[in-house]
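*Asks:* First, the structure itself, so that you have it in front of you.
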Amino acid sequence: MFDTHAHLADGRFNKDRAQVIERALKVKVEEILCVCCNAKELDVFWQALSSYPFIWLAAGIHPHDASKYKEMKKMLVPALKTKRFCALGEIGLDYHYMNSPPEIQKEVFKAQLKFARERDLPVIVHTREAGEDVWRILKDEAMGQVVIHCFSGEKKELERYLELGFYVSFAGMITFPSAFSLRNLVSLVPLNKLLLETDCPYLAPQAVRGKRNEPAFVKHTLEEMARIRHISAEELARVTTQNARMLFRIS
């Protein structure tokens, strides 16, 4: 399995990060993409995670911090210089909390897409209550590989992303009892565009609901996704891992 979106540098893992990684390995999580959204998390990656050859790095300015883009952009420069860096993200738009004004979010989203375009980097996109604007910007600005992370939108939104050739990743939400509509969408994604993630420490699957999420729990999402698609968990793990390696150019 490949957990394509884990915030392992988050402070909630400070006390047992090594044990978290051990538990992931025990359930056959082969690779993890650690997503860092600020300079502090990047420091944690270098100090505590970079020694693991199966943990990769993504970094970007989250829409919550769009107002701080100018001072935060410099954090990306050293990250780009390492072979462990394989994607820009998570970036995008979030109109739920509005920690940054929408116009600033859109400006920064476009700037980071340009940054990725110029460097031929895959992009990890965050979208919440901003589907129309995200789609319009990606349609006009995204030129390379894109993954819509932790998809939770509607059918029309999903179809638009698939028409653009994007990858789509699902997290533990597909295991929630109330997520009927979301589960129905899992089968619409072509198998070669499908990814797994935890988005840990958030969104623990139903079987471990209430606990801090971690990469080992991606197995619950895998099992539910396999059930929905009428495919073995082993085959789905193989295919989604292959998809992730292709997207992030990991040999």
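The values are calculated or read from the model by the stated rules, or taken from the named source; none is laboratory data. Here the structure is a predicted model, which means the values were calculated and not measured. We place every Cβ from the backbone using ideal geometry, glycine too, and count neighbours over all the protein chains shown.
*Asks:* More than 24 Å from K155 (Cα to Cα) and either touching a Leu at 6+ places or on another chain (Cβ under 7 Å) or in a helix (DSSP H, G or I) (or both), is that true of N184? Full working, then the answer.
*Replies:* Details: more than 24 Å from K155 (Cα to Cα): no; either touching a Leu at 6+ places or on another chain (Cβ under 7 Å) or in a helix (DSSP H, G or I) (or both): yes.
Taking the combined requirement at face value, the residue does not satisfy it.
*Asks:* When you look at K114, is it under 30 Å from R17 (Cα atoms), in a helix (DSSP H, G or I) and not polar (S, T, N, Q), yes or no?
*Replies:* no
*Asks:* Can you confirm whether region 104-121 contains a residue that is under 21 Å from A66 (Cβ atoms) and among the small types (G, A, S)?
*Replies:* So the first thing to find is which residues in region 104-121 are under 21 Å from A66 (Cβ atoms), and the list is 104-119, 121.
Still in the running and among the small types (G, A, S): 111, 116.
Yes, there is a match, as at least one residue in region 104-121 is under 21 Å from A66 (Cβ atoms) and among the small types (G, A, S).
*Asks:* Within region 175-232, can you find the residues that are in contact with a His (Cβ under 9 Å, 6 or more places away or on another chain), of a type in the set (G, A, S), over 22 Å from I124 (Cβ atoms) and surrounded by 13 or more Cβ atoms within 10 Å (Cβ to Cβ)?
*Replies:* The answer is A207, and nothing else.
*Asks:* Taking A204, is it under 27 Å from E234 (Cβ atoms) and touching a Gly at 6+ places or on another chain (Cβ under 7 Å)?
*Replies:* yes
*Asks:* Among the residues in region 14-24, are any buried (at least 21 other Cβ atoms within 10 Å of the Cβ), touching a residue at least 60 places away in the same chain (Cβ under 8 Å) and touching a Gly at 6+ places or on another chain (Cβ under 8 Å)?
*Replies:* No, region 14-24 has no match at all.
*Asks:* Turning to a different aspect of this structure: Which members of region 188-209 meet the condition of being without any contact (Cβ under 8 Å) to a residue 40 or more places away in the chain, outside any helix (DSSP H, G or I) and of a type outside the set (A, V, I, L, M)? Even if it seems obvious, please write down each step before you answer.
*Replies:* Start the filter on region 188-209 by keeping residues that are without any contact (Cβ under 8 Å) to a residue 40 or more places away in the chain, which leaves 188-190, 204-209.
Remaining after also requiring outside any helix (DSSP H, G or I): 188-190, 204-205, 209.
Hits for region 188-209 are P190, P205, R209.
*Asks:* Out of all the residues in region 87-113, which are among the small types (G, A, S) and within 22 Å of D199 (Cα to Cα)?
*Replies:* The answer is A87, G89, G92, S100.
*Asks:* Can I ask one more? Specify the residue that is nearest to the chain's Cα centre (by Cα); the eligible residues are those in region 71-127 that are among the hydroxyl-bearing types (S, T, Y) and surrounded by 19 or more Cβ atoms within 10 Å (Cβ to Cβ).
*Replies:* T127
*Asks:* Give the number of residues within region 118-147 that are in a helix (DSSP H, G or I), in contact with an Asp or Glu (Cβ under 8 Å, 6 or more places away or on another chain) and modelled with pLDDT of 95 or more.
*Replies:* 1
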